[in-house]
Amino acid sequence: MMIDTSLIAEENEARADHLRRDYDTLGERLDRRGIAIDEIKRKVAAYGVAVPSWGVGTGGTRFARFPGKGEPRNIFDKLEDCSVIQQLTRATPNVSLHIPWDKADPSELKARAGALGLGFDAMNSNTFQDQDGQAHSYKFGSLSHTDAATRRQAVEHNLECIEIGKAIGSKALTVWIGDGSNFPGQSHFARQFDHYLKSAKEIYANLPDDWRLLTEHKMYEPAFYSTVVQDWGSNYMIAQELGPQAFCLVDLGHHAPNVNIEMIVSRLIQFGKLGGFHFNDSKYGDDDLDTGSIDPYRLFLVFNELVDAEMRRVPGFNPAHMLDQSHNVTDPIESLMVSAMEVQRAYAQALLVDRDRLTEYQQDNDALMATTTLKAAFRTDVDPLLAMARLDSGGAIDPVATYRASGYRQKVAQVRPDVSGAGGGIV
Ligand SMILES: [Mn+2]
């Protein structure tokens with residue numbers, strides 16, 4: 001493992017007494033509400049959110065990128081950073097790869113990840129930028145391009161992602177395209193969407209039987225007038241057109257400000273098309289801020305819908321969970337650890353909702369008590385529960401403090417040379 005286990009034990013030892021007392025106190029409070037704390041802890045411990053390989057590098061904006069020390073040089077460095085996050089939080093067992101950024105020998109990828117205790121989540125294709133030596137440019141689109149040869153090239157790239165994914169044990173392909181237009185009249189909406197659907201159908205036709213195709217919508221950027229897969233409505237139409245293995249992926253940042261995302265989540269669950277999430281937070285647009293850093297209540301409300309579906313045992317309900325955010329001013333490992341814990345927190349809080357009472361209040365149109373029921377769960381400090389779940393499974397009671405005490409960043413900075421501000425990768 002990347003962090004010395006004796007250091008983790010030592011750090012935990014210093015915090016274990018207080019944690020046990022806090023956990024017992026919380027257990028007593030929950031018991032009065034008819035909730036068994038160990039049962040919630042068991043569910044939280046079994047929960048995982050995937051880390052995007054590109055998340056462990058410093059992000060940036062279209063203005064600049066300011067790399068940190070010890071930036072990962074390649075996918076193998078990225079896997080090591082991801083394993084630190086998993087080792088300390090025990091909440092991130094899988095990594096999501098991005099092709100071609102993470103292209104490497106699949107057997108080496110699988111072996112290294114396995115040795116580090118990691119698996120692979122959904123594959124991500126990239127037809128939003130040109131690669132060296134590429135025959136056709138994506139400047140004016142990829143899967144929806146007016147030129148058939150460009151569309152073909154974009155389809156082939158996605159098929160290659162499936163092949164790599166098959167070799168490393170992935171079971172899903174996430175497709176996000178930057179296709180759109182910057183001027184009214186630049187593109188014919190219907191023809192463009194038709195091109196997209198035909199291309200997507202070719203990808204879908206090559207999907208292994210046990211795979212899922214996740215399409216991700218995004219309101220704007222890089223196109224600023226219209227975007228081909230702009231909203232959840234377009235996304236739902238795509239999933240319907242393609243077939244039973246196609247699902248919608250919801251990135252929390254890819255909606256207009258104040259849109260009721262939790263209701264979109266509910267709609268997609270109701271019609272069997274919720275495929276997964278990219279978690280992050282935002283203030284103005286697709287800001288890619290750390291999950292739960294701006295509006296933790298909205299994150300809770302999303303999880304309230306997910307837990308509701310889990311409790312109702314909705315058939316086929318199994319969305320993929322992944323973080324997708326940009327770390328511009330923090331150490332990416334620290335941000336990803338805190339974000340993974342924020343996602344777990346929202347899940348734990350949603351598990352505390354008194355659903356029988358909530359249903360009664362809804363039935364009786366008691367708006368005040370219904371919303372108070374949600375707030376009671378959201379206001380519960382579940383920190384001791386999350387920390388105990390980590391401690392039980394060999395993680396750190398305080399992952400950030402333990403990470404800082406380990407000196408990991410300083411150590412890797414000695415072997416990984418400083419890099420320039422090139423490269424980005426937030427979708
Ligand atoms: Mn995303």
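Does PHE277 meet the test of being more than 16 Å from the ligand (Cβ to nearest atom), at pLDDT 95 or above and under 14 Å from the mean Cα position of the chain (by Cα)?
Numbers: more than 16 Å from the ligand (Cβ to nearest atom): no; at pLDDT 95 or above: yes; under 14 Å from the mean Cα position of the chain (by Cα): yes.
No.
Checking GLY185 against (1) at negative phi; (2) more than 16 Å from the ligand (Cβ to nearest atom), which single condition isn't satisfied?
Here GLY185 meets the rest and fails (1).
Just to be sure before I move on: is THR150 buried (at least 22 other Cβ atoms within 10 Å of the Cβ) and free of Cβ contacts under 8 Å to residues at least 40 places away in the same chain in the structure I sent?
On the way: buried (at least 22 other Cβ atoms within 10 Å of the Cβ): yes; free of Cβ contacts under 8 Å to residues at least 40 places away in the same chain: yes.
For THR150, the condition - buried (at least 22 other Cβ atoms within 10 Å of the Cβ) and free of Cβ contacts under 8 Å to residues at least 40 places away in the same chain - is met.
Residue by residue through the stretch 358-367, note down the ones that are surrounded by fewer than 16 Cβ atoms within 10 Å (Cβ to Cβ) and under 33 Å from the mean Cα position of the chain (by Cα). Reasoning before the result, please.
First pass over the stretch 358-367, keeping only residues surrounded by fewer than 16 Cβ atoms within 10 Å (Cβ to Cβ): 359-360, 362-367.
If the condition is that a residue be surrounded by fewer than 16 Cβ atoms within 10 Å (Cβ to Cβ) and under 33 Å from the mean Cα position of the chain (by Cα), then THR359, GLN362, ALA367 are the ones that fit.
Go through the stretch 328-427 and tell me which helices (runs of 4 or more DSSP H), entirely inside it, have 3 or more residues that are more than 16 Å from the ligand (Cβ to nearest atom) and closer than 29 Å to GLU262 by Cα. Working first, answer last.
Working: elements: 332-351, 355-363, 367-378, 383-392, 399-406, 408-415.
By residue number, 332-351, 355-363, 367-378, 383-392.
How many residues does the stretch 155-164 hold that are more than 16 Å from the ligand (Cβ to nearest atom) and in contact (Cβ under 8 Å) with a residue 60 or more places away in the chain?
Start the filter on the stretch 155-164 by keeping residues that are more than 16 Å from the ligand (Cβ to nearest atom), which leaves 155-160, 162-164.
Adding the requirement that they be in contact (Cβ under 8 Å) with a residue 60 or more places away in the chain leaves 160, 164.
Result for the stretch 155-164: 2.
Quick check on this structure: which one of ASP290, ASP295 is touching a residue at least 12 places away in the same chain (Cβ under 8 Å), within 16 Å of the ligand (Cβ to nearest atom) and surrounded by fewer than 23 Cβ atoms within 10 Å (Cβ to Cβ)?
On the way: ASP295 fails: within 16 Å of the ligand (Cβ to nearest atom).
Just one listed residue meets the conditions, ASP290.
Give the number of residues within the stretch 228-257 that are more than 14 Å from the ligand (Cβ to nearest atom), free of Cβ contacts under 8 Å to residues at least 40 places away in the same chain and touching a Phe, Trp or Tyr at 6+ places or on another chain (Cβ under 8 Å).
Qualifying residue count, the stretch 228-257: 4.
The values are calculated or read from the model by the stated rules, or taken from the named source; none is laboratory data. The structure presented is a predicted model; accordingly, all values stated were derived computationally and were not measured. Reconstructed Cβ throughout: ideal geometry from the backbone, glycine too, with neighbour counts over all protein chains shown.
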